[in-house]
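Below: one structure, written as structure tokens.
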Amino acid sequence: MIERSPFFDAVTYAVMIIGLAMVIFPFWVVIVAASQSLHEVSRVPIALWPSDQLWVNLAEAWDRGGLGTKMTNSFIVAVGVTVGKITLAAMSAFAIVFFTFRARMVCFWLIFITLMLPLEVRIVPTYAIAANALLPFQTILDTVGITWLVQQVSGFQIALNWNLLNSYTGLILPLVATATGTFLYRQFFMTIPDELAEASKMDGASAMRFFWDVLIPLSRTNMLALATIMFVSSWNQYLWPLLITTDRANFGTAVMQLRFLIPTMNGTPDWNVTMAGALIIMLPPLLVVALMQRWFVRGLISRDK
């Protein structure tokens with residue numbers, strides 16, 4: 001039993017307040033700098049109280065960065081990646097838990113091991129596949145000799161090509177696989193009583209009907225918690241969109257565009273506009289986290305089935 005005392009209560013609250021201040025202070029600095037004029041933001045030390053230029057700086061950052069199109073692209077990519085991750089993770093975990101086949105644990109551990117291979121590590125082969133998504137199939141045909149055989153018989157050269165560069169498909173598809181989501185869904189599905197699956201089978205429900213009508217409604221809180229994490233992660237992606245897009249006027253994302261708002265070495269140090277752009281770009285994930293906070297916490301700690 002933990003005994004409470006005024007001293008330890010005071011220490012606990014002090015630690016919590018310090019931690020909250022450390023988290024909130026960078027956001028406060030962004031808001032303050034975004035509301036100041038060029039003269040005010042250039043002063044040393046910077047004033048830590050908002051000024052009256054917030055809307056002016058927001059409008060300047062929006063126009064200079066062309067954030068209208070970029071925010072739309074980021075939203076499309078984030079929603080597409082989030083939906084793809086949730087769908088693929090749920091279906092893969094469903095197959096691992098509810099279908100009996102010899103290699104199911106091998107498949108699970110192969111998926112789980114990919115946690116040690118983030119996108120930055122596999123960026124070169126991923127880019128090669130995105131440049132031609134049918135390259136693996138072309139390699140198989142070349143290896144087994146089918147390409148050579150078809151060419152000798154018909155004179156037709158098999159050349160499979162599907163270029164995903166500069167497309168929403170290329171921005172979304174390579175990011176939809178998630179070992180974290182599969183692991184979370186697997187852990188939840190393992191808590192489902194076997195009697196529930198047997199009852200559904202006795203009622204004549206197919207495997208997919210059991211999945212959609214029983215498992216998906218039960219895993220709603222887990223799904224929303226995972227969606228919150230994946231949306232924020234997808235919105236903040238920088239390296240992959242930077243690598244795969246050369247037509248950045250049409251397919252660039254908001255996080256990429258923030259780089260063009262940073263003052264150059266010989267340019268005007270208008271950090272107030274840069275901070276205003278950062279404030280605009282961070283607003284959607286902040287809203288998602290704020291709106292989904294209750295579901296996010298319930299999805300991580302709930303034990304109600």
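Between H39 and A159, what is 0.36 nm times their sequence separation minus the Cα-Cα distance? Round to one decimal in nm. Walk me through the intermediate numbers first.
Numbers: separation 120, 0.36 × 120 = 43.20 nm, distance 6.02 nm.
Extending this stretch completely gives an extra 37.2 nm.
Project the alpha carbons of the range 184-301 onto their principal axes and report the range along each, largest first, in whole Å.
Here the spans come out as 74, 31, 18 Å, largest first.
Could you tell me the center-to-center distance, by alpha carbons, between the range 1-43 and the range 121-135 in angstrom?
43
So for the chain, averaging the separation of alpha carbon pairs under 8 Å that are six or more residues apart and normalising by length, what relative contact order in percent results?
31
Averaging sequence separations of C-alpha pairs under 8 Å and six or more residues apart, then dividing by the length of the range 1-129, give the relative contact order as a whole percent.
Here the relative contact order equals 12 percent.
Which of the DSSP-defined H helices in the chain satisfy a minimum axial length of 27 Å, computed from C-alpha atoms, and a minimum mean Kyte-Doolittle hydropathy of 1.6?
Span-like helices here: 6-34, 271-291.
Which of T139, T126, T180 ends up with the largest GNM mean-square fluctuation for the chain, with Cα atoms connected below 10 Å?
Residue with maximal mean-square fluctuation among T139, T126, T180: T139.
May I ask you to sort V232, V81, V56, V297 by Cβ crowding, counting other Cβ atoms within 10 Å and putting the fewest first?
Details: V232 18, V81 24, V56 15, V297 12.
In increasing order of surrounding Cβ atoms, one gets V297, V56, V232, V81.
What are the radius of gyration and Dmax of the range 71-133, computed over its Cα atoms and given in Å?
Taking only Cα atoms of the range 71-133, I get Rg and Dmax of 14.9, 46 Å.
Calculated from DSSP H runs of 4 or more alone, at -39500 (n - 2.57) each and per residue, what is the 222 nm mean residue ellipticity of the chain, nearest 500?
-20500 deg cm²/dmol
If you stretched the chain out fully between A103 and V83, how much longer would it get, using 0.36 nm times the residue separation minus the C-alpha to C-alpha distance?
4.5 nm is the gain from fully extending A103 to V83.
Using a simple charge model, +1 on the beta-carbon of Lys and Arg, -1 on the beta-carbon of Asp and Glu, nothing else, what dipole does the range 66-261 show about its Cα centre, in debye to the nearest 20?
Computed charge dipole of the range 66-261: roughly 340 debye.
What's the center-to-center distance, using Cα atoms, between the range 168-243 and the range 247-294 in Å?
Taking the Cα centre of the range 247-294 as reference, the centre of the range 168-243 is 30 Å away.
Throughout, read-outs are computed from the coordinates displayed, never taken from laboratory work. Here the structure is a predicted model, which is why all the values come from computation and not from measurement. Using ideal geometry, Cβ is built from the backbone for each residue, glycine included, and neighbour counts are taken over all protein chains shown.
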